[in-house]
1. Across segment 150-162, what is the number of residues that are over 17 Å from GLN183 (Cβ atoms) and assigned to a helix (DSSP H, G or I)?
2. It is to be established whether one or more residues within segment 53-67 are surrounded by fewer than 19 Cβ atoms within 10 Å (Cβ to Cβ) and more than 17 Å from GLY20 (Cβ to Cβ).
3. Is it true that GLY193 is at positive phi, modelled with pLDDT of 95 or more and of a type outside the set (S, T, N, Q)?
4. Conditions: (1) in contact with a Leu (Cβ under 9 Å, 6 or more places away or on another chain); (2) in a helix (DSSP H, G or I). PRO81 meets all but one. Number of the miss?
5. If I filter segment 28-35 for residues that are of a type outside the set (Phe, Trp, Tyr) and free of Cβ contacts under 8 Å to residues at least 24 places away in the same chain, do I get at least one hit?
6. Could you list all residues from segment 88-143 that are small (Gly, Ala, Ser) and not in a helix (DSSP H, G or I)?
7. Quick check on my filter: what residues within segment 12-35 are at positive phi and more than 16 Å from the chain's Cα centre (by Cα)?
8. Let me confirm something: among ILE171, ILE127, which residue is more than 28 Å from THR5 (Cβ to Cβ) and touching a helix residue (DSSP H, G or I) at 6+ places or on another chain (Cβ under 6 Å)?
Amino acid sequence: MKIETQLPESGVGFGTNNRGASGEFQFGQQSTIDAALAVGTAWNAAHPDHPFSIGQISLKGGGPMPPHLSHRLGVDVDVRPVRKDGKNARVLITDPEYDRARTTALIDLWWRKAPVQLVLFNDTTVIGAGLSRPSPGHANHFHVRLRMRGATIKIKDRGSDVAELQTKLGIESDGRFGPGTAQAVEDFQAGHGLIPDGVVGRDTWKALGIT
């Protein structure tokens with residue numbers, strides 16, 4: 001686990017905020033930075049005039065990053081809600097400039113284009129859509145936690161790593177680990193001398209040729 005890849009100050013579809021004087025707060029695992037860039041590219045295709053803004057991730061090498069309790073492993077990404085005016089500036093979910101529709105679309109895109117474990121954000125509409133969980137202090141940004149490359153996934157998980165699994169198994173790639181995906185995993189495991197438990201861990205990823 002290396003936390004040494006720095007997010008660029010800006011790129012296709014995104015800018016940055018709370019970066020630090022030399023970008024010291026925006027280091028992550030390579031898979032995290034790759035995911036952020038993929039989301040940016042996809043977002044730009046649909047919203048070229050409204051880039052989103054990425055905040056703090058981790059310090060180089062990881063470890064404590066006060067005042068955060070997380071942001072230690074290079075897989076936590078803070079993102080500003082989208083503003084109606086497209087500016088890279090702070091906005092609360094109660095502000096008139098808050099663009100709920102675009103922010104909801106952005107969070108949904110993270111779920112589809114990245115190996116998302118959870119999203120923390122306090123907009124009740126987003127929560128009601130099943131796209132986030134409430135958490136104190138998350139009214140001016142949403143917090144995306146990603147799974148590490150090769151992390152264990154199982155039924156009810158979703159994200160780009162689930163979609164990659166489904167593609168490898170030759171089934172519909174919707175990024176949602178449901179009963180059909182679990183059955184396909186069990187069949188694959190049984191055919192490759194693995195315990196057919198429907199859980200994709202290190203040995204199953206290796207058998208699939210993904211490391």
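The values are calculated or read from the model by the stated rules, or taken from the named source; none is laboratory data. Bear in mind that the values here come from a model prediction, so they are computed numbers and not experimental data. Virtual Cβ from ideal backbone geometry, glycine too; neighbours counted across all protein chains shown.
1. 2
2. no
3. Numbers: at positive phi: yes; modelled with pLDDT of 95 or more: yes; of a type outside the set (S, T, N, Q): yes.
When the stated conditions are applied, GLY193 passes them.
4. (2) is the only condition that PRO81 fails.
5. Quick first cut of segment 28-35, residues of a type outside the set (Phe, Trp, Tyr) only: 28-35.
Next, from what is left, pick out any that are free of Cβ contacts under 8 Å to residues at least 24 places away in the same chain: 34.
Checked segment 28-35: at least one residue is of a type outside the set (Phe, Trp, Tyr) and free of Cβ contacts under 8 Å to residues at least 24 places away in the same chain.
6. Taking segment 88-143 as the starting set, the residues that turn out to be small (Gly, Ala, Ser) are 89, 101, 105, 114, 128-130, 132, 135, 137, 139.
Scanning segment 88-143 gives ALA89, ALA114, ALA129, GLY130, SER132, SER135, GLY137, ALA139.
7. Within segment 12-35, the subset at positive phi is 13, 18, 20, 23.
Those that are at positive phi and more than 16 Å from the chain's Cα centre (by Cα): ASN18, GLY20, GLY23.
8. Details: ILE127 fails: touching a helix residue (DSSP H, G or I) at 6+ places or on another chain (Cβ under 6 Å).
Matching residue, one of ILE171, ILE127: ILE171.
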